[in-house]
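Data block below; observations after.
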Amino acid sequence: MVKVIGAGLPRTGTTSTKAALEKLGFDPCYHMYEVFTHPGHVDRWLPAVEGKTLDWDRVLAGYRATLDWPASYFWREQVEAYPEAKVLLTVRDPERWFISFRMLTTRNGDLEELDLTKLPEQAAAIVGSMRGMLPVLDMMGRSLFGSDWRFGVDEVDEQTAIEAFNRHVSTVKESVPAERLLVFDVRDGWGPLCEFLDVEPPAGEPFPRLNDTQAMQENFERLMSGGEMVSPFFGR
């Protein structure tokens, strides 16, 4: 049963927050990494592109928390499906978010043009999963930025993106009762998160700081050159 619903956009500290939630016992936490490591999960999300209602007990079977796309795009549906779950809206400075999100969605070029047979094995597996998710990613991005948006060739301008970011944050805050919602910046660390979830912070452990922009770029370059992605979640 899902206990924590992530409603934040990608690149708002979701990787660090995933690690934090799992240390606090809300594990496993569904994140885009789950699609990387479980290619079969792609089929769980595709019905949404056709406007079908997702079966949340199937989509999130075995998970106790959600963060990041694709799960966080469907925060409204999860709020209704899991009325006892708390909602976590991860945020960051909008201008820094734009830089990071833009790099995430454009650095790979057009995924449809990549020849999987010429990529290193792990890179091919991840690109294959991402390619399968393209209809879902495009649907989510167009809902946020407009009908012309396309994953991998995104050209949304900074003002439009930041307005979309702020609009999303406002919508979540206006839609979820205050007692059920935490607006969370990872820079605030364990305190507000643990108080919100009514748990004790891990003794002597700093709050996770994972997958910043530089580390993400290094991971991508390593992966495409035949190395392995360095991630605390890979192979779980």
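The values are calculated or read from the model by the stated rules, or taken from the named source; none is laboratory data. None of these values were measured; they are calculated from a predicted model. A quick note on method: Cβ atoms are made from the backbone with ideal geometry, for glycine too, and the neighbour counts reach across all protein chains shown. To get the accessible areas, we keep the full protein, side chains included, count just its heavy atoms, and leave off ligands, DNA and RNA. Shrake-Rupley method; radii C 1.70, N 1.55, O 1.52, S 1.80 Å.
At-a-glance table
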item	result
In the stretch 12-23, the residues that are open to solvent by 10 Å² or more (accessible area, probe 1.4 Å) and touching a strand residue (DSSP E or B) at 6+ places or on another chain (Cβ under 9 Å)	13, 19, 22
Residue match in the stretch 44-58 (condition: among the aliphatic types (A, V, I, L, M) and buried (at least 20 other Cβ atoms within 10 Å of the Cβ))	no
Tally of residues being open to solvent by 70 Å² or more (accessible area, probe 1.4 Å) and either assigned to a loop (DSSP other than H, G, I, E, B) or without any contact (Cβ under 8 Å) to a residue 40 or more places away in the chain (or both) across the stretch 169-179	3
Hits in the stretch 42-72 (condition: part of a helix (DSSP H, G or I), in contact with a strand residue (DSSP E or B) (Cβ under 9 Å, 6 or more places away or on another chain) and in contact (Cβ under 8 Å) with a residue 24 or more places away in the chain)	71, 72
Qualifying positions in the stretch 185-206 - of a type in the set (A, V, I, L, M) and open to solvent by less than 30 Å² (accessible area, probe 1.4 Å)	186, 193, 197
Leading residue by the ranking (surrounded by the most Cβ atoms within 10 Å (Cβ to Cβ)) among those in the stretch 1-11 that are aliphatic (A, V, I, L, M) and within 12 Å of the chain's Cα centre (by Cα)	7
Looking only at the stretch 127-142, and only at residues there that are farther than 12 Å from residue 70 by Cβ and not β-branched (Val, Ile, Thr), the one that is least open to solvent (accessible area, probe 1.4 Å)	128
Subset tally (residues that are over 23 Å from residue 128 (Cβ atoms), outside any loop (DSSP other than H, G, I, E, B), charged (D, E, K, R) and under 17 Å from the mean Cα position of the chain (by Cα)) for the stretch 15-41	1
Of the criteria (1) open to solvent by 20 Å² or more (accessible area, probe 1.4 Å); (2) in a helix (DSSP H, G or I), which one residue 182 fails	(2)
Pairs, first over 13 Å from residue 95 (Cβ atoms) in the stretch 147-164, second of a type in the set (Val, Ile, Thr) and part of a helix (DSSP H, G or I), C-beta under 6 Å, six or more apart	151/105; 154/105; 154/106
Checklist (1) of a type in the set (S, T, N, Q); (2) open to solvent by less than 80 Å² (accessible area, probe 1.4 Å); (3) modelled with pLDDT under 95 applied to residue 147, failing item	(2)
Members of the stretch 177-230 that are more than 19 Å from residue 22 (Cβ to Cβ), among the hydrophobic types (A, V, I, L, M, F, W, C) and modelled with pLDDT of 80 or more	178, 181, 183
Selection within the stretch 64-94 - more than 19 Å from residue 196 (Cα to Cα) and surrounded by fewer than 20 Cβ atoms within 10 Å (Cβ to Cβ)	76, 77, 80, 81, 93, 94
Residues that are within 18 Å of the chain's Cα centre (by Cα) and either under 18 Å from residue 51 (Cβ atoms) or crowded, with 19+ Cβ neighbours inside 10 Å (or both), drawn from the stretch 150-168	151, 152, 161, 164, 165, 168
